[in-house]
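Participant: Submitted below is the structure of interest, expressed as structure tokens.
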Amino acid sequence: LAAQVINAVVEGVDADPAYSAPDTLRIQDAISDCPAGSAVQLVTGAHGESGFLSGPLTLKSGVTLWIDRGVTLFGSRNPRDYDNGLGTCGIANTDKGKSCKPLIYGNAISNSGVVGDGKIDGRGGSVLTAGPNAGKRSWWDVAYQNVSQGLVQHAPRLLQIDNSKDFTLYALTLENSPNFHVVTDNVSGVTAWGIK
């Protein structure tokens with residue numbers, strides 16, 4: 001898939017929360033339609049566009065997400081894109097329930113991975129565009145409320161893989177995660193190298 005935005009202008013692209021994640025469906029459809037043993041490759045656009053702007057993506061068994069050199073997958077700043085139905089993603093409160101989907105998620109998958117010399121930028125320091133913290137706080141500000149006020153943060157993880165096997169993570173730069181960068185739970189056979 002060819003990139004649609006240039007990294008330098010991504011903040012302006014999603015300033016309107018209604019346009020917070022324009023590439024989500026396109027990338028998810030490519031992953032869902034990709035045959036096992038293949039990869040979905042994110043590449044630079046024809047006019048130098050180098051960024052994809054997405055909400056949560058779900059990986060599929062046997063499929064690799066490949067982010068090419070010079071390309072960045074940016075996470076949405078809209079908490080509603082990540083909310084799992086509890087309505088609290090993007091805030092801090094006393095509820096310990098997990099309310100945010102990760103940017104990239106895999107559950108019960110095998111022989112999958114996320115690779116390439118590109119970047120995944122969770123934009124943790126960028127101001128949120130919707131919800132009660134819109135225009136006031138970033139994901140990291142919400143996380144700081146956990147420390148400063150004893151509240152529970154509701155911010156998405158960058159990459160989470162659960163109940164899976166044989167997962168590969170290679171050569172990527174992972175930056176600015178709203179929460180943890182990489183979380184694996186009950187995964188057998190994680191191979192990771194060359195990660196920055």
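The values are calculated or read from the model by the stated rules, or taken from the named source; none is laboratory data. What you see is a predicted model, and the numbers here were worked out from it, not measured in a lab. FYI the Cβ positions are ideal-geometry reconstructions off the backbone, even for glycines, and counts take in every protein chain you see. Protein only, heavy atoms only, side chains kept; ligands, DNA and RNA dropped before computing areas. Shrake-Rupley method; radii C 1.70, N 1.55, O 1.52, S 1.80 Å.
Participant: Condition test on ASP141, is it of a type in the set (Asp, Glu), buried (at least 16 other Cβ atoms within 10 Å of the Cβ) and more than 26 Å from LEU65 (Cα to Cα)? Lay out the reasoning, then the answer.
Facilitator: Details: of a type in the set (Asp, Glu): yes; buried (at least 16 other Cβ atoms within 10 Å of the Cβ): yes; more than 26 Å from LEU65 (Cα to Cα): yes.
Considered against the rule, which asks whether it is of a type in the set (Asp, Glu), buried (at least 16 other Cβ atoms within 10 Å of the Cβ) and more than 26 Å from LEU65 (Cα to Cα), ASP141 comes out as yes.
Participant: Looking only at region 37-81, filter to residues that are of a type in the set (A, V, I, L, M, F, W, C) and part of a loop (DSSP other than H, G, I, E, B); which one of those is modelled with the lowest pLDDT? Explain how you work it out, then say what you get.
Facilitator: Initially, region 37-81 is screened for residues of a type in the set (A, V, I, L, M, F, W, C), giving 39-40, 42-43, 46, 52-53, 57, 59, 63, 65-67, 71, 73-74.
Filter again for part of a loop (DSSP other than H, G, I, E, B), leaving 46, 59, 71.
Working: ALA46: 93, LEU59: 98, VAL71: 97.
Ranking the candidates gives ALA46 first.
Participant: Looking at region 17-31, is at least one residue more than 28 Å from SER138 (Cα to Cα), open to solvent by 10 Å² or more (accessible area, probe 1.4 Å) and outside any helix (DSSP H, G or I)? Quick ask: steps written out before the conclusion?
Facilitator: Within region 17-31, the first condition is being more than 28 Å from SER138 (Cα to Cα), and the residues that meet it are 29-31.
So of that shortlist, the ones also open to solvent by 10 Å² or more (accessible area, probe 1.4 Å) come out as 29-30.
The next check asks that each one be outside any helix (DSSP H, G or I); those that pass are none.
Within region 17-31, not a single residue is more than 28 Å from SER138 (Cα to Cα), open to solvent by 10 Å² or more (accessible area, probe 1.4 Å) and outside any helix (DSSP H, G or I).
Participant: Condition check: open to solvent by 30 Å² or more (accessible area, probe 1.4 Å) and in contact with a strand residue (DSSP E or B) (Cβ under 7 Å, 6 or more places away or on another chain). Does THR72 satisfy that? Explain how you work it out, then say what you get.
Facilitator: On the way: open to solvent by 30 Å² or more (accessible area, probe 1.4 Å): no; in contact with a strand residue (DSSP E or B) (Cβ under 7 Å, 6 or more places away or on another chain): yes.
In short, no.
Participant: What tally of residues in region 32-65 results from selecting those that are out of contact with any strand residue (DSSP E or B) (no Cβ under 6 Å at 6 or more places or on another chain), touching a residue at least 60 places away in the same chain (Cβ under 8 Å) and open to solvent by less than 50 Å² (accessible area, probe 1.4 Å)?
Facilitator: Total meeting the criteria: 1.
Participant: Of everything in region 146-196 that's within 20 Å of CYS89 (Cβ to Cβ) and of a type in the set (D, E, K, R), which residue is nearest to the chain's Cα centre (by Cα)?
Facilitator: Selected residue: ARG157.
Participant: Additional query: Look at LEU86 and say whether it is of a type in the set (A, V, I, L, M) and assigned to a loop (DSSP other than H, G, I, E, B). Steps first, answer last, please.
Facilitator: Working: of a type in the set (A, V, I, L, M): yes; assigned to a loop (DSSP other than H, G, I, E, B): yes.
Criteria met by LEU86.
Participant: Moving on to the next point. Residues being assigned to a strand (DSSP E or B) and either buried (at least 19 other Cβ atoms within 10 Å of the Cβ) or not hydroxyl-bearing (Ser, Thr, Tyr) (or both): count how many of those fall in region 162-185.
Facilitator: Residues of region 162-185 that are assigned to a strand (DSSP E or B), as a first pass: 162, 165-170, 173-175, 182-185.
In the following step, the residues that additionally are either buried (at least 19 other Cβ atoms within 10 Å of the Cβ) or not hydroxyl-bearing (Ser, Thr, Tyr) (or both) were identified as 162, 165-167, 169, 174-175, 182-183, 185.
Residues that pass the stated criteria total 10.
Participant: Quick one: how many residues across region 89-105 are of a type outside the set (Val, Ile, Thr), surrounded by 16 or more Cβ atoms within 10 Å (Cβ to Cβ) and part of a strand (DSSP E or B)?
Facilitator: Result for region 89-105: 3.
Participant: Please determine, by comparing only the residues of region 118-143 that are hydroxyl-bearing (Ser, Thr, Tyr) and touching a strand residue (DSSP E or B) at 6+ places or on another chain (Cβ under 7 Å), which one is farthest from ALA8 (Cα to Cα). Give the steps one after another, and end with the answer.
Facilitator: Here is the first cut: in region 118-143, the ones hydroxyl-bearing (Ser, Thr, Tyr) are 126, 129, 138.
Filter once more, keeping what is touching a strand residue (DSSP E or B) at 6+ places or on another chain (Cβ under 7 Å): 126, 138.
Numbers: SER126: 13, SER138: 19 Å.
Selected residue: SER138.
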